[in-house]
(Lines give C-alpha, C1' and ligand atoms only; values in the text may rest on other atoms or scores of the structure.)
Protein backbone atom coordinates (compact mmCIF):
# COMPACT_ATOMS: atom_id res chain seq x y z
CA UNK A 1 0.00 0.00 0.00
CA UNK A 2 2.77 2.42 1.01
CA UNK A 3 4.71 1.55 -2.12
CA UNK A 4 1.61 2.18 -4.22
CA UNK A 5 1.08 5.61 -2.60
CA UNK A 6 4.75 6.49 -3.14
CA UNK A 7 4.48 5.42 -6.78
CA UNK A 8 1.35 7.55 -7.30
CA UNK A 9 2.94 10.60 -5.63
CA UNK A 10 6.14 10.27 -7.64
CA UNK A 11 4.20 9.93 -10.89
CA UNK A 12 1.95 12.93 -10.17
CA UNK A 13 4.79 15.20 -8.98
CA UNK A 14 6.93 14.09 -11.93
CA UNK A 15 4.14 14.96 -14.36
CA UNK A 16 3.74 18.33 -12.60
CA UNK A 17 7.45 19.04 -13.00
CA UNK A 18 7.19 18.28 -16.73
CA UNK A 19 4.49 20.95 -17.04
CA UNK A 20 6.69 23.46 -15.18
CA UNK A 21 9.61 22.57 -17.45
CA UNK A 22 7.46 22.94 -20.57
CA UNK A 23 6.06 26.23 -19.27
CA UNK A 24 9.57 27.56 -18.66
CA UNK A 25 10.78 26.48 -22.10
CA UNK A 26 7.71 28.18 -23.59
CA UNK A 27 8.38 31.36 -21.62
CA UNK A 28 11.90 31.53 -23.02
CA UNK A 29 11.26 30.31 -26.56
CA UNK A 30 7.81 31.57 -27.62
CA UNK A 31 7.80 34.63 -29.89
CA UNK A 32 5.37 37.10 -28.26
CA UNK A 33 3.68 38.07 -25.01
CA UNK A 34 0.39 36.26 -25.52
CA UNK A 35 1.93 32.88 -26.39
CA UNK A 36 4.43 33.20 -23.53
CA UNK A 37 1.50 33.89 -21.20
CA UNK A 38 -0.23 30.78 -22.55
CA UNK A 39 2.82 28.69 -21.68
CA UNK A 40 3.10 30.18 -18.17
CA UNK A 41 -0.52 29.58 -17.17
CA UNK A 42 -0.17 25.88 -17.99
CA UNK A 43 2.67 25.63 -15.47
CA UNK A 44 0.55 27.45 -12.89
CA UNK A 45 -2.62 25.42 -13.00
CA UNK A 46 -1.73 21.97 -14.37
CA UNK A 47 1.84 21.81 -13.05
CA UNK A 48 1.02 23.02 -9.54
CA UNK A 49 -2.26 21.05 -9.54
CA UNK A 50 -0.45 17.78 -10.29
CA UNK A 51 2.20 18.50 -7.64
CA UNK A 52 -0.53 19.20 -5.05
CA UNK A 53 -2.34 15.97 -6.03
CA UNK A 54 0.94 14.12 -5.60
CA UNK A 55 1.52 15.68 -2.17
CA UNK A 56 -2.01 15.00 -0.87
CA UNK A 57 -1.44 11.35 0.15
CA UNK A 58 1.83 12.36 1.86
CA UNK A 59 0.28 15.10 4.02
CA UNK A 60 0.20 14.46 7.74
CA UNK A 61 -3.41 15.48 8.40
CA UNK A 62 -6.65 16.38 6.67
CA UNK A 63 -6.09 20.03 7.65
CA UNK A 64 -2.70 20.04 5.94
CA UNK A 65 -4.21 18.48 2.79
CA UNK A 66 -6.97 21.13 2.77
CA UNK A 67 -4.35 23.89 3.07
CA UNK A 68 -2.54 22.48 0.02
CA UNK A 69 -5.77 22.51 -1.99
CA UNK A 70 -6.53 26.09 -0.86
CA UNK A 71 -3.02 27.19 -1.90
CA UNK A 72 -3.55 25.65 -5.34
CA UNK A 73 -6.96 27.33 -5.70
CA UNK A 74 -5.54 30.74 -4.68
CA UNK A 75 -2.60 30.46 -7.10
CA UNK A 76 -5.02 29.37 -9.82
CA UNK A 77 -7.28 32.36 -9.17
CA UNK A 78 -4.45 34.90 -8.96
CA UNK A 79 -2.76 33.40 -12.03
CA UNK A 80 -5.91 33.58 -14.13
CA UNK A 81 -6.54 37.23 -13.14
CA UNK A 82 -2.97 38.37 -13.72
CA UNK A 83 -2.87 36.56 -17.06
CA UNK A 84 -6.02 38.46 -18.13
CA UNK A 85 -4.52 41.78 -17.03
CA UNK A 86 -1.20 41.19 -18.79
CA UNK A 87 -2.99 39.98 -21.93
CA UNK A 88 -5.07 43.19 -22.03
CA UNK A 89 -1.96 45.36 -21.78
CA UNK A 90 -0.16 43.22 -24.38
CA UNK A 91 -3.05 43.55 -26.85
CA UNK A 92 -3.45 47.28 -26.39
CA UNK A 93 0.29 47.86 -26.94
CA UNK A 94 0.16 45.59 -30.01
CA UNK A 95 -2.55 47.79 -31.49
CA UNK A 96 -0.35 50.79 -30.77
CA UNK A 97 -2.83 52.49 -28.44
CA UNK B 1 23.43 14.59 -0.75
CA UNK B 2 20.29 15.71 -2.57
CA UNK B 3 19.72 18.33 0.14
CA UNK B 4 23.23 19.69 -0.32
CA UNK B 5 22.74 19.88 -4.10
CA UNK B 6 19.49 21.81 -3.56
CA UNK B 7 21.19 24.21 -1.10
CA UNK B 8 24.06 24.85 -3.51
CA UNK B 9 21.59 25.45 -6.35
CA UNK B 10 19.61 27.98 -4.24
CA UNK B 11 22.82 29.73 -3.14
CA UNK B 12 24.04 29.94 -6.76
CA UNK B 13 20.66 31.31 -7.90
CA UNK B 14 20.60 33.94 -5.09
CA UNK B 15 24.06 35.19 -6.07
CA UNK B 16 23.25 35.03 -9.79
CA UNK B 17 20.01 37.02 -9.45
CA UNK B 18 21.72 39.53 -7.13
CA UNK B 19 24.50 40.14 -9.68
CA UNK B 20 21.96 40.44 -12.52
CA UNK B 21 19.85 42.91 -10.49
CA UNK B 22 22.89 45.12 -9.85
CA UNK B 23 24.14 44.88 -13.42
CA UNK B 24 20.92 45.64 -15.29
CA UNK B 25 20.44 49.22 -16.53
CA UNK B 26 16.64 49.18 -16.60
CA UNK B 27 14.68 50.23 -13.46
CA UNK B 28 11.76 47.90 -14.11
CA UNK B 29 13.98 44.88 -14.81
CA UNK B 30 16.04 45.59 -11.69
CA UNK B 31 12.87 45.67 -9.52
CA UNK B 32 11.63 42.39 -11.03
CA UNK B 33 15.08 40.96 -10.27
CA UNK B 34 14.83 42.25 -6.70
CA UNK B 35 11.44 40.54 -6.18
CA UNK B 36 12.79 37.26 -7.61
CA UNK B 37 15.79 37.65 -5.29
CA UNK B 38 13.39 38.01 -2.33
CA UNK B 39 11.55 34.83 -3.30
CA UNK B 40 14.83 32.91 -3.62
CA UNK B 41 15.88 34.20 -0.17
CA UNK B 42 12.53 32.91 1.12
CA UNK B 43 13.50 29.44 -0.15
CA UNK B 44 16.90 29.77 1.51
CA UNK B 45 15.32 30.70 4.89
CA UNK B 46 12.84 27.84 4.53
CA UNK B 47 15.77 25.43 3.90
CA UNK B 48 17.33 26.73 7.14
CA UNK B 49 13.99 25.91 8.89
CA UNK B 50 13.62 29.63 9.77
CA UNK B 51 9.97 29.72 8.68
CA UNK B 52 9.16 32.96 10.52
CA UNK B 53 11.92 34.76 8.65
CA UNK B 54 10.90 33.08 5.38
CA UNK B 55 7.31 34.32 5.77
CA UNK B 56 8.52 37.85 6.53
CA UNK B 57 10.92 37.86 3.59
CA UNK B 58 8.20 36.68 1.20
CA UNK B 59 5.62 39.19 2.47
CA UNK B 60 7.76 42.28 3.13
CA UNK B 61 11.10 41.73 1.36
CA UNK B 62 9.70 40.42 -1.90
CA UNK B 63 6.08 41.58 -1.84
CA UNK B 64 5.50 45.01 -0.28
CA UNK B 65 8.98 46.37 -1.00
CA UNK B 66 8.69 45.26 -4.62
CA UNK B 67 5.35 47.04 -5.05
CA UNK B 68 6.64 50.22 -3.35
CA UNK B 69 9.71 50.24 -5.61
CA UNK B 70 7.53 49.70 -8.71
CA UNK B 71 5.24 52.60 -7.80
CA UNK B 72 8.24 54.80 -7.02
CA UNK B 73 9.87 53.99 -10.36
CA UNK B 74 6.64 54.85 -12.22
CA UNK B 75 6.55 58.24 -10.45
CA UNK B 76 10.18 59.03 -11.20
CA UNK B 77 10.78 60.77 -14.48
CA UNK B 78 13.14 58.77 -16.66
CA UNK B 79 16.62 60.16 -16.17
CA UNK B 80 19.65 59.45 -18.30
CA UNK B 81 21.84 57.49 -15.93
CA UNK B 82 25.31 58.72 -16.68
CA UNK B 83 27.97 56.23 -15.62
CA UNK B 84 29.97 57.48 -12.66
CA UNK B 85 33.70 58.10 -13.19
CA UNK B 86 35.84 54.99 -12.94
CA UNK B 87 37.49 56.09 -9.68
CA UNK B 88 34.15 56.41 -7.87
CA UNK B 89 33.03 53.01 -9.17
CA UNK B 90 36.20 51.32 -7.94
CA UNK B 91 35.80 53.01 -4.52
CA UNK B 92 32.18 51.84 -4.20
CA UNK B 93 33.19 48.34 -5.28
CA UNK B 94 35.98 48.21 -2.69
CA UNK B 95 33.69 49.41 0.12
CA UNK B 96 31.03 46.83 -0.80
CA UNK B 97 33.67 44.09 -0.98
CA UNK B 98 34.99 45.12 2.46
CA UNK B 99 31.52 44.88 4.02
CA UNK B 100 30.92 41.50 2.35
CA UNK B 101 34.31 40.23 3.55
CA UNK B 102 33.63 41.41 7.12
CA UNK B 103 30.20 39.70 7.12
CA UNK B 104 31.71 36.53 5.65
CA UNK B 105 34.40 36.54 8.34
CA UNK B 106 31.78 36.83 11.10
CA UNK B 107 29.80 33.93 9.64
CA UNK B 108 32.73 31.68 8.71
CA UNK B 109 34.91 32.29 11.78
CA UNK B 110 32.40 32.03 14.63
CA UNK B 111 33.40 32.15 18.26
CA UNK B 112 33.49 28.68 19.83
CA UNK B 113 31.27 28.05 21.59
CA UNK B 114 28.96 30.41 19.72
CA UNK B 115 27.18 32.75 22.16
CA UNK B 116 23.54 31.70 22.33
CA UNK B 117 20.57 32.46 24.54
CA UNK B 118 18.40 29.86 22.80
CA UNK B 119 18.34 27.50 25.79
CA UNK B 120 17.45 30.34 28.19
CA UNK B 121 14.60 31.36 25.88
CA UNK B 122 13.28 27.79 25.76
CA UNK B 123 13.40 27.45 29.57
CA UNK B 124 11.50 30.65 30.32
CA UNK B 125 9.12 30.68 27.34
CA UNK B 126 6.22 29.29 29.39
CA UNK B 127 6.11 32.43 31.58
CA UNK B 128 5.14 34.54 28.52
CA UNK B 129 2.20 32.27 27.69
CA UNK B 130 3.51 31.91 24.12
CA UNK B 131 4.41 28.68 22.33
CA UNK B 132 6.53 30.09 19.50
CA UNK B 133 10.03 31.03 20.73
CA UNK B 134 10.32 33.62 17.92
CA UNK B 135 7.18 35.39 19.19
CA UNK B 136 8.61 35.16 22.72
CA UNK B 137 11.83 36.89 21.67
CA UNK B 138 9.99 39.56 19.66
CA UNK B 139 7.32 40.38 22.23
CA UNK B 140 9.07 39.76 25.56
CA UNK B 141 12.87 39.47 25.51
CA UNK B 142 13.56 41.97 22.73
CA UNK B 143 10.32 43.96 22.91
CA UNK B 144 12.25 47.22 22.59
CA UNK B 145 13.52 46.20 19.12
CA UNK B 146 9.99 45.32 18.02
CA UNK B 147 8.65 48.61 19.41
CA UNK B 148 11.27 50.63 17.51
CA UNK B 149 10.60 48.64 14.31
CA UNK B 150 6.95 49.64 14.38
CA UNK B 151 7.92 53.28 14.94
CA UNK B 152 10.32 53.10 11.99
CA UNK B 153 7.50 51.93 9.70
CA UNK B 154 5.45 54.95 10.81
CA UNK B 155 8.42 57.30 10.24
CA UNK B 156 8.79 55.89 6.73
CA UNK B 157 5.17 56.88 6.07
CA UNK B 158 5.92 60.43 7.30
CA UNK B 159 8.79 60.47 4.81
CA UNK B 160 6.44 59.48 1.97
CA UNK B 161 3.81 62.04 3.03
CA UNK B 162 6.42 64.79 3.16
CA UNK B 163 6.67 64.46 -0.64
CA UNK B 164 3.06 65.69 -0.99
CA UNK B 165 2.59 68.71 -3.26
CA UNK B 166 1.29 71.72 -1.24
CA UNK B 167 -2.10 71.75 -2.97
CA UNK B 168 -2.80 68.09 -2.23
CA UNK B 169 -1.97 68.23 1.51
CA UNK B 170 -4.80 66.62 3.45
CA UNK B 171 -6.06 64.97 0.26
CA UNK B 172 -5.90 61.34 -0.72
CA UNK B 173 -3.62 59.27 -2.94
CA UNK B 174 -5.07 58.21 -6.29
CA UNK B 175 -4.74 54.45 -6.48
CA UNK B 176 -7.26 52.99 -8.93
CA UNK B 177 -5.64 51.37 -11.94
CA UNK B 178 -6.91 53.04 -15.14
CA UNK B 179 -9.87 51.14 -16.59
CA UNK B 180 -10.06 49.05 -13.42
CA UNK B 181 -13.85 49.33 -13.55
CA UNK B 182 -13.84 46.76 -16.35
CA UNK B 183 -12.18 43.42 -16.60
CA UNK B 184 -11.19 40.86 -14.03
CA UNK B 185 -9.64 43.02 -11.27
CA UNK B 186 -12.85 44.06 -9.43
CA UNK B 187 -14.16 40.48 -9.55
CA UNK B 188 -10.81 39.20 -8.29
CA UNK B 189 -10.96 41.74 -5.47
CA UNK B 190 -14.51 40.89 -4.45
CA UNK B 191 -13.76 37.16 -4.27
CA UNK B 192 -10.22 37.26 -2.87
CA UNK B 193 -10.48 39.98 -0.23
CA UNK B 194 -12.75 38.05 2.22
CA UNK B 195 -10.50 34.98 1.89
CA UNK B 196 -7.37 37.11 2.30
CA UNK B 197 -8.68 38.81 5.45
CA UNK B 198 -9.36 35.42 7.04
CA UNK B 199 -5.86 34.19 6.11
CA UNK B 200 -4.24 37.41 7.41
CA UNK B 201 -6.03 37.19 10.77
CA UNK B 202 -5.16 33.47 10.96
CA UNK B 203 -1.45 34.20 10.39
CA UNK B 204 -1.48 36.82 13.17
CA UNK B 205 -3.33 34.51 15.57
CA UNK B 206 -1.25 31.40 14.89
CA UNK B 207 1.96 33.45 15.38
CA UNK B 208 1.77 32.93 19.15
CA UNK B 209 2.44 29.21 18.81
CA UNK B 210 3.67 28.57 15.26
CA UNK B 211 5.42 30.45 12.43
CA UNK B 212 3.44 33.59 11.62
CA UNK B 213 2.83 36.84 13.44
CA UNK B 214 1.71 40.41 13.22
CA UNK B 215 4.11 41.69 10.54
CA UNK B 216 3.33 38.82 8.16
CA UNK B 217 -0.41 38.86 8.84
CA UNK B 218 -0.58 42.66 8.64
CA UNK B 219 1.16 42.53 5.26
CA UNK B 220 -1.55 40.20 3.93
CA UNK B 221 -4.27 42.50 5.33
CA UNK B 222 -2.50 45.50 3.74
CA UNK B 223 -2.33 43.63 0.43
CA UNK B 224 -6.10 43.08 0.53
CA UNK B 225 -6.64 46.80 1.18
CA UNK B 226 -4.28 47.72 -1.66
CA UNK B 227 -6.13 45.32 -3.97
CA UNK B 228 -9.45 46.97 -3.05
CA UNK B 229 -7.99 50.41 -3.80
CA UNK B 230 -6.37 49.34 -7.09
CA UNK B 231 -9.54 47.62 -8.29
CA UNK B 232 -11.50 50.80 -7.56
CA UNK B 233 -13.66 49.02 -4.95
CA UNK B 234 -12.72 51.66 -2.39
CA UNK B 235 -10.81 54.94 -2.34
CA UNK B 236 -7.65 55.64 -0.41
CA UNK B 237 -8.54 57.74 2.66
CA UNK B 238 -7.72 61.43 2.97
CA UNK B 239 -4.55 61.64 5.03
CA UNK B 240 -5.96 64.53 7.10
CA UNK B 241 -8.64 62.40 8.79
CA UNK B 242 -7.95 62.13 12.51
CA UNK B 243 -9.45 58.65 12.73
CA UNK B 244 -6.92 57.42 10.17
CA UNK B 245 -4.08 59.06 12.07
CA UNK B 246 -5.29 57.47 15.32
CA UNK B 247 -5.34 54.06 13.61
CA UNK B 248 -1.78 54.56 12.34
CA UNK B 249 -0.49 55.56 15.78
CA UNK B 250 -2.60 53.07 17.82
CA UNK B 251 -0.03 50.25 17.71
CA UNK B 252 3.01 52.21 18.93
CA UNK B 253 0.85 54.11 21.48
CA UNK B 254 -0.59 50.92 23.02
CA UNK B 255 2.87 49.32 23.01
CA UNK B 256 4.39 52.40 24.69
CA UNK B 257 1.58 52.69 27.25
CA UNK B 258 1.87 49.03 28.29
CA UNK B 259 5.66 49.36 28.29
CA UNK B 260 5.51 52.38 30.63
CA UNK B 261 2.95 50.63 32.85
CA UNK B 262 5.55 47.86 33.21
CA UNK B 263 7.84 50.19 35.20
CA UNK B 264 5.60 50.37 38.31
CA UNK B 265 3.89 46.99 37.79
CA UNK B 266 6.76 44.70 36.79
CA UNK B 267 9.87 46.70 37.59
CA UNK B 268 11.15 47.53 34.11
CA UNK B 269 10.19 49.33 30.89
CA UNK B 270 8.39 46.88 28.56
CA UNK B 271 8.22 44.19 31.25
CA UNK B 272 4.88 42.42 31.71
CA UNK B 273 3.36 41.34 35.05
CA UNK B 274 3.61 37.56 34.78
CA UNK B 275 -0.10 36.82 35.30
CA UNK B 276 -1.10 39.27 32.56
CA UNK B 277 1.70 38.54 30.06
CA UNK B 278 -0.41 36.67 27.49
CA UNK B 279 -3.43 39.08 27.39
CA UNK B 280 -1.14 42.13 27.27
CA UNK B 281 0.95 40.64 24.45
CA UNK B 282 -2.27 39.82 22.59
CA UNK B 283 -3.54 43.39 23.03
CA UNK B 284 -0.27 44.81 21.68
CA UNK B 285 -0.31 42.37 18.75
CA UNK B 286 -3.87 43.33 17.74
CA UNK B 287 -3.14 47.08 17.91
CA UNK B 288 0.15 46.65 16.06
CA UNK B 289 -1.46 44.50 13.35
CA UNK B 290 -4.05 47.20 12.58
CA UNK B 291 -1.45 49.99 12.59
CA UNK B 292 1.11 48.11 10.50
CA UNK B 293 -1.53 47.04 7.95
CA UNK B 294 -2.77 50.63 7.59
CA UNK B 295 0.78 52.02 7.40
CA UNK B 296 1.93 49.50 4.77
CA UNK B 297 -1.18 50.14 2.67
CA UNK B 298 -0.57 53.90 2.74
CA UNK B 299 3.15 53.43 2.03
CA UNK B 300 2.20 51.65 -1.19
CA UNK B 301 -0.49 54.24 -1.99
CA UNK B 302 2.18 56.94 -1.86
CA UNK B 303 1.87 60.66 -1.24
CA UNK B 304 -1.57 62.24 -1.79
CA UNK B 305 -2.08 63.68 -5.25
CA UNK B 306 -5.80 64.52 -5.19
CA UNK B 307 -6.52 68.02 -3.88
CA UNK B 308 -9.00 67.89 -1.00
CA UNK B 309 -12.50 68.81 -2.05
CA UNK B 310 -11.74 68.36 -5.76
CA UNK B 311 -12.98 65.07 -7.18
CA UNK B 312 -11.48 63.98 -10.50
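Considering B:122, B:190, B:142, the condition of being over 26 Å from residue B:73 (Cβ atoms) and within 14 Å of chain A (Cβ to nearest Cβ) is satisfied by B:190 alone. Just one of (1) surrounded by fewer than 17 Cβ atoms within 10 Å (Cβ to Cβ); (2) closer than 15 Å to residue B:282 by Cβ; (3) at pLDDT 90 or above fails for residue B:217. It is (1).
Take residue A:36 and tell me if it is surrounded by 12 or more Cβ atoms within 10 Å (Cβ to Cβ), within 14 Å of chain B (Cβ to nearest Cβ) and assigned to a helix (DSSP H, G or I).
Working: surrounded by 12 or more Cβ atoms within 10 Å (Cβ to Cβ): yes; within 14 Å of chain B (Cβ to nearest Cβ): no; assigned to a helix (DSSP H, G or I): yes.
Answer is no for this residue.
For region A:41-57, the count of residues that are in contact with a helix residue (DSSP H, G or I) (Cβ under 7 Å, 6 or more places away or on another chain), within 14 Å of chain B (Cβ to nearest Cβ) and either part of a helix (DSSP H, G or I) or closer than 21 Å to residue B:189 by Cα (or both) is nonzero.
Does residue A:21 satisfy being within 14 Å of chain B (Cβ to nearest Cβ) and either more than 11 Å from the chain's Cα centre (by Cα) or over 22 Å from residue B:189 (Cα atoms) (or both)?
Numbers: within 14 Å of chain B (Cβ to nearest Cβ): no; either more than 11 Å from the chain's Cα centre (by Cα) or over 22 Å from residue B:189 (Cα atoms) (or both): yes.
No.
Taken over region B:261-295, the residue count meeting the criterion of being modelled with pLDDT of 90 or more and out of contact with any helix residue (DSSP H, G or I) (no Cβ under 7 Å at 6 or more places or on another chain) is 1. Scan region B:156-173 for residues that are assigned to a helix (DSSP H, G or I) and either on the phi > 0 side of the Ramachandran plot or out of contact with any strand residue (DSSP E or B) (no Cβ under 7 Å at 6 or more places or on another chain) (or both) and the total you get is 8. Counting only helices (runs of 4 or more DSSP H) that fall entirely inside region B:31-112 and contain at least 2 residues that are more than 23 Å from the chain's Cα centre (by Cα) and surrounded by 11 or more Cβ atoms within 10 Å (Cβ to Cβ), the qualifying elements are B:86-108.
If I go through region B:161-178 residue by residue, how many of them are touching a helix residue (DSSP H, G or I) at 6+ places or on another chain (Cβ under 6 Å), surrounded by fewer than 20 Cβ atoms within 10 Å (Cβ to Cβ) and within 25 Å of residue B:287 (Cα to Cα)?
Step one: of region B:161-178, the residues touching a helix residue (DSSP H, G or I) at 6+ places or on another chain (Cβ under 6 Å) are B:173, B:175, B:177.
Still in the list and also surrounded by fewer than 20 Cβ atoms within 10 Å (Cβ to Cβ): B:177.
Add one more test, that the residue is within 25 Å of residue B:287 (Cα to Cα), and what stays is none.
Qualifying residue count for the region: 0.
Of all residues in region A:84-93, those satisfying the criterion of being within 9 Å of chain B (Cβ to nearest Cβ) and touching a helix residue (DSSP H, G or I) at 6+ places or on another chain (Cβ under 8 Å) are A:84, A:85.
In this structure, residue A:63 does not qualify as away from chain B (no Cβ under 14 Å) and farther than 26 Å from residue B:231 by Cα.
Does at least one position in region B:145-155 carry a residue that is at pLDDT below 90, touching a strand residue (DSSP E or B) at 6+ places or on another chain (Cβ under 9 Å) and assigned by TED's automatic domain parsing to the domain that holds residue B:230? No.
Collect the residues in region A:19-31 that are in contact with a helix residue (DSSP H, G or I) (Cβ under 9 Å, 6 or more places away or on another chain) and without any contact (Cβ under 8 Å) to a residue 12 or more places away in the chain, keeping them in residue-number order. Passing the criteria: A:21, A:28, A:29, A:30. Consider region B:194-225 and keep the residues that are away from chain A (no Cβ under 11 Å) and without any contact (Cβ under 8 Å) to a residue 40 or more places away in the chain. The one that is nearest to residue B:279 (Cα to Cα) is B:205. For residue B:256, the requirement of being in contact with a helix residue (DSSP H, G or I) (Cβ under 8 Å, 6 or more places away or on another chain) and farther than 18 Å from residue B:301 by Cα is met. Looking across region B:127-144, the residues that are modelled with pLDDT under 75 and in a helix (DSSP H, G or I) come down to B:127, B:128.
So that you can scan it fast, the table gives a plain yes or no per residue for (1) more than 21 Å from residue A:21 (Cα to Cα); (2) surrounded by 13 or more Cβ atoms within 10 Å (Cβ to Cβ):
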{"site": "A:63", "(1), (2)": "yes, no"}
{"site": "A:75", "(1), (2)": "no, yes"}
{"site": "A:78", "(1), (2)": "no, yes"}
{"site": "A:83", "(1), (2)": "no, yes"}
{"site": "A:87", "(1), (2)": "yes, yes"}
{"site": "A:91", "(1), (2)": "yes, no"}
{"site": "A:94", "(1), (2)": "yes, no"}
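The values are calculated or read from the model by the stated rules, or taken from the named source; none is laboratory data. Model, not experiment: these values are computed from the prediction. Ideal geometry is used to build each Cβ from the backbone, glycine not excepted, and the neighbour counts take in all protein chains shown.
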